[in-house]
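The values are calculated or read from the model by the stated rules, or taken from the named source; none is laboratory data. Note that the structure is a prediction, hence the values are computed from the model and not measured. Note that each Cβ is placed from the backbone with ideal geometry, even for glycine, and that neighbours are counted across all protein chains shown. Ligands, DNA and RNA are stripped out before the accessible areas are found, and what is left, the full protein with its side chains, is counted by its heavy atoms. Shrake-Rupley method; radii C 1.70, N 1.55, O 1.52, S 1.80 Å.
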Amino acid sequence: MDNFFGDEIEKIVFISEEQLKSRNTNKLYGKYFKDTKIFNIFPEELKERGEFLCEILPKGSNPTNDNLCAIETEESIEFYSEGKKIKIESYSLYQNIFSRNKGILETDVMSKKRAVILGCGSVGSLVAMELARSGVGNFLLVDPDVMEYHNICRHQCGIEDVGDLKINALTRKLKNINPKINIEKFEGVVENVPKTMLDEFCKPGDTVFVGCADNRAADVYANQISIYYSAYFISVGFWERACAGEIFYHIPNKGMPCYECALGSGSNLSSRVQANHHVYSNKEDIEAVKFEPGISVDINFITTIGIKLIIDMLNSNNKNYIPRLLNHLRQYTIVCNTNNPEIGGEMLEIFSYPLQVTTSLVVGFGKKQCKEKNKCKYELEEK
Ligand SMILES: [Zn+2]
């Protein structure tokens with residue numbers, strides 16, 4: 001392809017500085033894009049996702065006539081295409097990926113942050129992808145399910161991932177954003193994650209537990225363990241067809257009620273929560289649930305508000321960071337996608353306008369023993 005002036009566009013190689021200096025590899029993988037004449041050499045961690053491009057030939061070799069030929073030099077690698085030397089554009093993997101976050105999020109701070117994603121469906125996959133884009137460097141993905149065709153219209157993964165575990169599919173997507181990311185995986189539900197695994201993963205002040213399994217019992221349990229690890233907690237759940245959703249967060253050691261204190265557990269769920277019981281599924285009556293989860297854009301609008309809160313919480317000890325929502329949104333927030341009762345039933349009449357985000361709902365210490373002491377019983381437990 002030629003440019004406007006009729007000059008031929010030169011071929012060019014994109015490769016990381018790390019790989020240019022590395023001496024451990026001799027085969028390069030990635031993609032060649034004919035229209036742009038760009039060879040994108042994938043980082044080592046992603047090589048199995050690329051096509052084989054060429055082998056690195058030893059110092060002093062003669063260039064071949066192949067579309068891409070690489071020859072080792074004293075300190076670097078030279079590239080040739082059809083026998084002609086071509087340009088290299090090298091980049092620092094980490095700095096370039098996160099360069100557009102500069103001045104907003106500190107890459108070094110974010111790379112230490114850790115997210116436990118409890119449920120890797122539509123909500124969990126979006127949360128994980130956005131946190132990876134914001135620079136979070138460590139994930140523990142928890143989910144027992146296999147990616148299926150009916151998941152695609154609401155999930156970050158697609159057809160090429162169908163048939164694999166959601167935790168594996170999501171891992172590929174996250175590594176495609178940041179190959180250096182550290183990912184631990186557990187195939188199962190939150191209640192079965194081994195304590196040793198959590199002991200190793202959780203670092204106080206840097207960890208958030210994200211409850212996105214649409215299961216209140218799991219949220220109650222997850223908040224209890226987040227307190228044990230002095231970690232942040234958030235859950236994102238939905239009303240029928242995602243016409244509205246609920247976000248609940250908990251910051252440890254601030255005297256806040258936990259999910260169980262605030263909203264109850266099992267048959268003790270508060271009345272508002274009880275009313276949505278048929279929607280926000282509950283283990284005890286899973287058979288009775290006719291859950292219509294709603295369309296992606298509605299789920300994602302509410303989830304995004306939760307993600308903003310997560311980023312605020314993870315930076316709440318960072319003096320250079322200005323929180324977006326944390327000082328404004330209460331612990332329990334309801335967000336509506338529509339206030340039209342024809343879509344979501346009369347529950348929606350509490351909203352005055354579509355896209356309303358509540359800022360005045362207050363939750364307290366509902367459990368008797370917590371009410372007396374005005375402190376969550378889990379926070380009073382010895383660690
Ligand atoms: Zn509590």
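With respect to residue 321, is the statement that it is open to solvent by 90 Å² or more (accessible area, probe 1.4 Å), among the hydroxyl-bearing types (Ser, Thr, Tyr), assigned to a loop (DSSP other than H, G, I, E, B) and modelled with pLDDT of 90 or more true? Here the answer is no, as residue 321 does not meet what is asked. What are the residues in the stretch 296-307 that are surrounded by fewer than 18 Cβ atoms within 10 Å (Cβ to Cβ) and under 12 Å from the mean Cα position of the chain (by Cα), if any? If the condition is that a residue be surrounded by fewer than 18 Cβ atoms within 10 Å (Cβ to Cβ) and under 12 Å from the mean Cα position of the chain (by Cα), then 304 is the only one that fits. Scanning the stretch 351-383 for residues that are more than 16 Å from the ligand (Cβ to nearest atom), under 25 Å from residue 220 (Cβ atoms) and crowded, with 17+ Cβ neighbours inside 10 Å yields one hit, 358.
Checking each residue in the stretch 238-264 for being within 14 Å of the ligand (Cβ to nearest atom), part of a helix (DSSP H, G or I) and of a type outside the set (Phe, Trp, Tyr) picks out 260, 261, 262, 263.
The C-beta contact set for the stretch 15-34 (first residue more than 18 Å from residue 92 (Cβ to Cβ) and part of a strand (DSSP E or B), second residue open to solvent by 60 Å² or more (accessible area, probe 1.4 Å) and of a type in the set (Lys, Arg), distance under 7 angstrom, 6+ apart or interchain) comprises 29/47.
Answer yes if at least one residue in the stretch 328-350 is assigned to a loop (DSSP other than H, G, I, E, B), within 16 Å of the ligand (Cβ to nearest atom) and open to solvent by 30 Å² or more (accessible area, probe 1.4 Å), and no otherwise. Within the stretch 328-350, not a single residue is assigned to a loop (DSSP other than H, G, I, E, B), within 16 Å of the ligand (Cβ to nearest atom) and open to solvent by 30 Å² or more (accessible area, probe 1.4 Å). Checking each residue in the stretch 323-346 for being in contact (Cβ under 8 Å) with a residue 60 or more places away in the chain and under 20 Å from residue 306 (Cβ atoms) picks out 329, 331, 332, 333, 334, 335, 336, 337, 338, 344.
Within the stretch 216-226, the set of residues being surrounded by fewer than 24 Cβ atoms within 10 Å (Cβ to Cβ) and either among the charged types (D, E, K, R) or in contact (Cβ under 8 Å) with a residue 40 or more places away in the chain (or both) comprises 217, 218, 220, 224. Selection of the stretch 206-223 for residues being more than 15 Å from the ligand (Cβ to nearest atom) and either at pLDDT 95 or above or polar (S, T, N, Q) (or both) yields 206, 207, 208, 210, 215. Total residues in the stretch 78-137 satisfying the condition of being under 30 Å from residue 151 (Cα atoms), among the hydrophobic types (A, V, I, L, M, F, W, C) and either open to solvent by 60 Å² or more (accessible area, probe 1.4 Å) or in a loop (DSSP other than H, G, I, E, B) (or both): the figure is 4.
For (1) open to solvent by 40 Å² or more (accessible area, probe 1.4 Å); (2) assigned by TED's automatic domain parsing to the domain that holds residue 318; (3) at pLDDT below 95, each residue gets a yes or a no:
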{"site": "1", "(1), (2), (3)": "yes, no, yes"}
{"site": "17", "(1), (2), (3)": "yes, no, yes"}
{"site": "21", "(1), (2), (3)": "yes, no, yes"}
{"site": "26", "(1), (2), (3)": "yes, no, yes"}
{"site": "37", "(1), (2), (3)": "no, no, no"}
{"site": "42", "(1), (2), (3)": "no, no, no"}
{"site": "63", "(1), (2), (3)": "yes, no, no"}
{"site": "66", "(1), (2), (3)": "yes, no, no"}
{"site": "69", "(1), (2), (3)": "no, no, no"}
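Would you confirm, using the coordinates I've provided, whether residue 55 is acidic (Asp, Glu), under 30 Å from residue 212 (Cα atoms) and surrounded by 12 or more Cβ atoms within 10 Å (Cβ to Cβ)? In short, no. The residue pairs whose first member lies in the stretch 79-93 and is of a type in the set (Val, Ile, Thr), whose second member is assigned to a loop (DSSP other than H, G, I, E, B) and surrounded by 15 or more Cβ atoms within 10 Å (Cβ to Cβ), and whose beta carbons are closer than 7 Å, counting only pairs six or more residues apart or on different chains, are 86/11. Among the candidates 235, 226, 230, the residue that is in a loop (DSSP other than H, G, I, E, B) and within 16 Å of the ligand (Cβ to nearest atom) is uniquely 230. Within the stretch 161-174, does at least one residue satisfy the condition of being more than 16 Å from the ligand (Cβ to nearest atom), free of Cβ contacts under 8 Å to residues at least 60 places away in the same chain, open to solvent by less than 30 Å² (accessible area, probe 1.4 Å) and among the small types (Gly, Ala, Ser)? Looking through the stretch 161-174, at least one residue is more than 16 Å from the ligand (Cβ to nearest atom), free of Cβ contacts under 8 Å to residues at least 60 places away in the same chain, open to solvent by less than 30 Å² (accessible area, probe 1.4 Å) and among the small types (Gly, Ala, Ser).
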